[in-house]
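Asks: Got a structure for you, written out below as structure tokens; questions coming shortly.
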Amino acid sequence: MPSDPRQRRAARHAQPPGERSAASPRKKQPITVDRITDAALQVVATEGYDALTIRRVAAVLGTGPSSLYAHIVSKEDIDDLLVGRLCSEVVLPEPDPAAWREQILDVYAQIRDQYLKYPGVSRAALGAVPTNLATLRVREGLLAIVLAGGIEPRSAAWVLDALSLYVSAYALEQSLVQQRRRHPDQEWVLGREELIRRFTALPADTFPQTRRYAAELTSGTGHDRFEFTLGLIMDNLTQR
């Protein structure tokens, strides 16, 4: 095994899941990449993404931070592992030129739902270049679907960037709203009826459109708007 953590990380990325060598049995369960990932997901699920640190993950594993550095390089490495683990749960269809829009929507809905299980975890995907093989597997599958739909390669690559960014941002916003709703003092998280009441009470000479279309401005669920936005992006793509 390479002595440099960065070399070990590179070796891990080059090794498909399921082909990693098993650790020899010991009385004390050894620290492994999979256990680090499990512990990190536990922290995010119970405490939120803001609580995720190398020290906190080490505490869950009953060890010190230095033990983790034998397997990871940095906090960003844990982020990479988290996104990879969630992507490993995504089921990819065989690309179908006649149903590529529906397939893209389904795959991104799966990614969205994985992110929503762990509050704020989509932040790990923002601004990060995917290197984990499980993450790249999903990226490869999405690219194959869009190309099967007849989209030229550069547009296909760019639209996947746009869709991935939107999905991560959407999941992050939903996580923030749910987090704030758990705190009674966060009174600014309003229901639809209260929003309509406030919009229609605005001065008519300054906010005529907001007053008139208050119902439309507050209509639909978050997932309704999610599907609308992805559809809007893909519809525009086919018209280019």
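The values are calculated or read from the model by the stated rules, or taken from the named source; none is laboratory data. Just so we're clear, the structure is a prediction, and the values are computed from it rather than from any experiment. So basically every Cβ, Gly included, is an ideal-geometry build from the backbone, and we count neighbours across all protein chains shown.
Asks: Just one of Gly120, Gly141 is under 10 Å from the mean Cα position of the chain (by Cα) and small (Gly, Ala, Ser); which is it?
Replies: One residue alone meets the criteria, Gly120.
Asks: When only residues in region 192-240 that are loosely packed, with under 13 Cβ neighbours inside 10 Å and in contact with a Gly (Cβ under 9 Å, 6 or more places away or on another chain) count, which is modelled with the lowest pLDDT?
Replies: Checked region 192-240; the qualifying residue modelled with the lowest pLDDT is Thr238.
Asks: Restricting the search to region 76-100, which residues are surrounded by 15 or more Cβ atoms within 10 Å (Cβ to Cβ) and part of a helix (DSSP H, G or I)?
Replies: Asp77, Ile78, Asp79, Asp80, Leu81, Leu82, Val83, Gly84, Arg85, Leu86, Cys87, Trp100
Asks: Filter region 150-162 for residues that are over 27 Å from Val73 (Cβ atoms), free of Cβ contacts under 8 Å to residues at least 40 places away in the same chain and either surrounded by fewer than 17 Cβ atoms within 10 Å (Cβ to Cβ) or touching a His at 6+ places or on another chain (Cβ under 6 Å) (or both) and give the result.
Replies: Of the residues in region 150-162, the ones over 27 Å from Val73 (Cβ atoms) are 150-159, 162.
After this cut, where a residue has to be free of Cβ contacts under 8 Å to residues at least 40 places away in the same chain as well, the list is 152-154, 156-158.
Hits for region 150-162 are Glu152, Pro153, Arg154, Ala157, Trp158.
Asks: Next up: Applying the selection to region 116-149, what residues are in contact (Cβ under 8 Å) with a residue 60 or more places away in the chain and under 15 Å from Gly84 (Cα atoms)?
Replies: Lys117, Tyr118, Val121, Arg123, Ala124, Thr131, Asn132, Leu133, Ala134, listed by residue number.
Asks: From the list Thr32, Thr63, Thr53, exactly one residue is more than 21 Å from Pro119 (Cβ to Cβ), outside the structural domain of Asn132 (by TED's automatic domain parsing), surrounded by fewer than 19 Cβ atoms within 10 Å (Cβ to Cβ) and in contact with a Lys or Arg (Cβ under 9 Å, 6 or more places away or on another chain). Which is it? Full working, then the answer.
Replies: Working: Thr63 fails: in contact with a Lys or Arg (Cβ under 9 Å, 6 or more places away or on another chain); Thr53 fails: more than 21 Å from Pro119 (Cβ to Cβ).
Answer to the selection: Thr32.
Asks: Then there's this: Residues Val44, Val90, Val121, Val57: which one is touching a Pro at 6+ places or on another chain (Cβ under 8 Å), of a type in the set (Val, Ile, Thr) and either modelled with pLDDT of 95 or more or over 24 Å from Leu147 (Cβ atoms) (or both)? I'd like the intermediate steps shown before the answer.
Replies: Values: Val90 fails: touching a Pro at 6+ places or on another chain (Cβ under 8 Å); Val121 fails: touching a Pro at 6+ places or on another chain (Cβ under 8 Å); Val57 fails: touching a Pro at 6+ places or on another chain (Cβ under 8 Å).
Residue meeting the stated conditions: Val44.
Asks: Determine which single condition Ala204 fails, assuming it passes every other condition in (1) touching a helix residue (DSSP H, G or I) at 6+ places or on another chain (Cβ under 9 Å); (2) of a type in the set (Gly, Ala, Ser); (3) assigned to a helix (DSSP H, G or I).
Replies: That leaves (3) as the condition not met.
Asks: Scan region 41-71 for residues that are in contact with a helix residue (DSSP H, G or I) (Cβ under 6 Å, 6 or more places away or on another chain), of a type in the set (A, V, I, L, M, F, W, C) and more than 22 Å from Arg180 (Cα to Cα) and report the count.
Replies: The total comes to 6.
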